[in-house]
Amino acid sequence: MPRSDNSPVPYEEEEDAEMDGENANKVVNEEYKIWKKNAPYLYDTLITHALDWPTLTCEWFPDTECPPDKPYSISRLLLGTHTSRQSKDYLQIATVHIPKRISPTSDSLSRDNYDEDTGELHTTSAGPAPRIQITQRMLHDGEVNRARYMPQNPNILATKSVSGRVFIYDRTKHPSEPDSDAMRPDVTLVGQTMEGYGLGWSKCWEGHVLSSGEDTTVCHWDVQAGYSKTGGGVEPVDVFRGHGSVVGDVSWHATQQNVFASVGDDKQLFIWDTRDPARTKPKQRVTAHDREILAVSFCPSNENLILTGSSDKTIGIWDTRTLSHRLHSLESHRDEVLQLAWSPTSPTVLASASSDRRIHIWDLARIGEEQSPDDAEDGPPELMFIHGGHTGRPTDVCWCPGSVDASKAEGGKGGGDLSGWEVASAAEDNVLMVWSMSANIWAGEGKVVDEEELEVDDD
């Protein structure tokens, strides 16, 4: 961190900082060793994959195949690269082989299923070890800060670039590997002058996308209009200028076509309506946190509920009808909250990613439940699970879109369901993980793991 007085750093202070770094790395390594020992008891599926370069973004595609003659289902992930100009950057699509399960709540795991060398865990019904493989790469101008597919047509992909421009790719028009060194997005959306991380497609307004950035703006484009033009960039339909600082994230309302939210370093949560002619004054606003707000997400199942994640380490739960006060705070992270993701199968469940290297799974339906003193020491009742497998800061987290019953597939032989609890998370240390917590945790069925079975370091 830069010193405010700009004075030289004494040698002793440099030495102390170096020691602090060494101690921090030691703590991270020790925590990872403990997590790794306990992983077989905590997960039903665990796949660890080292990417060539870190990805700042990950999103499941909505399709999943369940070949009846294979011991795994096949899903796809949308990824990027962050090479810091040391190599070419790409927008990437990866296939994921997730081992089939005996049933959605089956619990047939033991240490025999865990490969400590690869960091992979699979049920006894799985055959070959699971794999994550890059199957398509499209050249990108600099690192991919964020990438999302269009809900109405998952072949249409939007990316947020370091230049502030948003690129649109139709993946069906690109080969599996670039056939030249030229970057060829199908449409370029212009209007923002600085980079950012907020990017989102509307689920009920086809072709409409939002982007936020460090230039304090939120831009709104109609991508379908862009496909009708030739040459040059597509200008935004609207530019919203209300924030006084970096706009960290945006979120479309799940059912109200014209409504979206934005949050920023100015600690503000804004609710906008595109039908309102005022482009500098939101429909609603509130100072939502004590520090910068980095993430926002409308609830897909409750039209009045919205979440905010902040550098103050908390997640705010808000009702848009009474935005002047917070409904509840989710408090357990030890550092800034970077990302929020609602479960597509469980309406009250969400995931949060934090700089504390943890992914937390929360269930809002458990808020207020009674706890024993021992349970309370582990966190609030709404905290379901903590994924502690990352040794670097998470960059994104996403849920598999839904459960799949392989027995209903054509020619299916029964079994092989996805549980609907599969999660993908990426981190700055190049690691991409696909995992699902044990069914004992979310279904409350099967073998209960005694605490004495969990190992801790002897030191």
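The values are calculated or read from the model by the stated rules, or taken from the named source; none is laboratory data. Keep in mind the model is a prediction, meaning the values are calculated, not measured. Please note: Cβ atoms are built from the backbone with ideal geometry, for glycine as well, and neighbour counts cover all protein chains shown.
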> Taking the stated definitions as given, is SER355 more than 28 Å from LEU42 (Cα to Cα) and either in contact (Cβ under 8 Å) with a residue 60 or more places away in the chain or of a type in the set (S, T, N, Q) (or both)?
Replying inline: no
> List, please: which pairs have Cβ atoms under 8 Å, are six or more places apart or on different chains, and start with a residue in region 255-266 that is over 15 Å from ILE293 (Cβ atoms) and surrounded by fewer than 17 Cβ atoms within 10 Å (Cβ to Cβ) and end with one that is modelled with pLDDT of 95 or more and small (Gly, Ala, Ser)?
Replying inline: GLN257/SER202
> Looking only at strands (runs of 3 or more DSSP E) that fall completely inside region 243-306, which ones have 1 or more residues that are among the hydrophobic types (A, V, I, L, M, F, W, C) and over 19 Å from LEU199 (Cα atoms)?
Replying inline: 284-287
> Between a first residue in region 277-294 that is surrounded by fewer than 13 Cβ atoms within 10 Å (Cβ to Cβ) and a second residue that is acidic (Asp, Glu) and part of a loop (DSSP other than H, G, I, E, B), which pairs have beta carbons less than 9 Å apart while being 6 or more apart in sequence or on different chains?
Replying inline: THR287/ASP266; ASP290/ASP312
> Restricting the search to region 313-322, which residues are farther than 18 Å from LEU294 by Cα and in contact with a Leu (Cβ under 9 Å, 6 or more places away or on another chain)?
Replying inline: ASP319, THR320
> Which number in (1) surrounded by fewer than 20 Cβ atoms within 10 Å (Cβ to Cβ); (2) at pLDDT 95 or above; (3) polar (S, T, N, Q) marks the one condition that SER180 misses?
Replying inline: (2)
> Does region 305-327 contain any residue that is closer than 18 Å to CYS204 by Cβ, at pLDDT 95 or above and hydrophobic (A, V, I, L, M, F, W, C)?
Replying inline: yes
> Do you know which of the residues in region 376-397 that are closer than 27 Å to VAL434 by Cα and at pLDDT below 95 is nearest to the chain's Cα centre (by Cα)?
Replying inline: GLY379
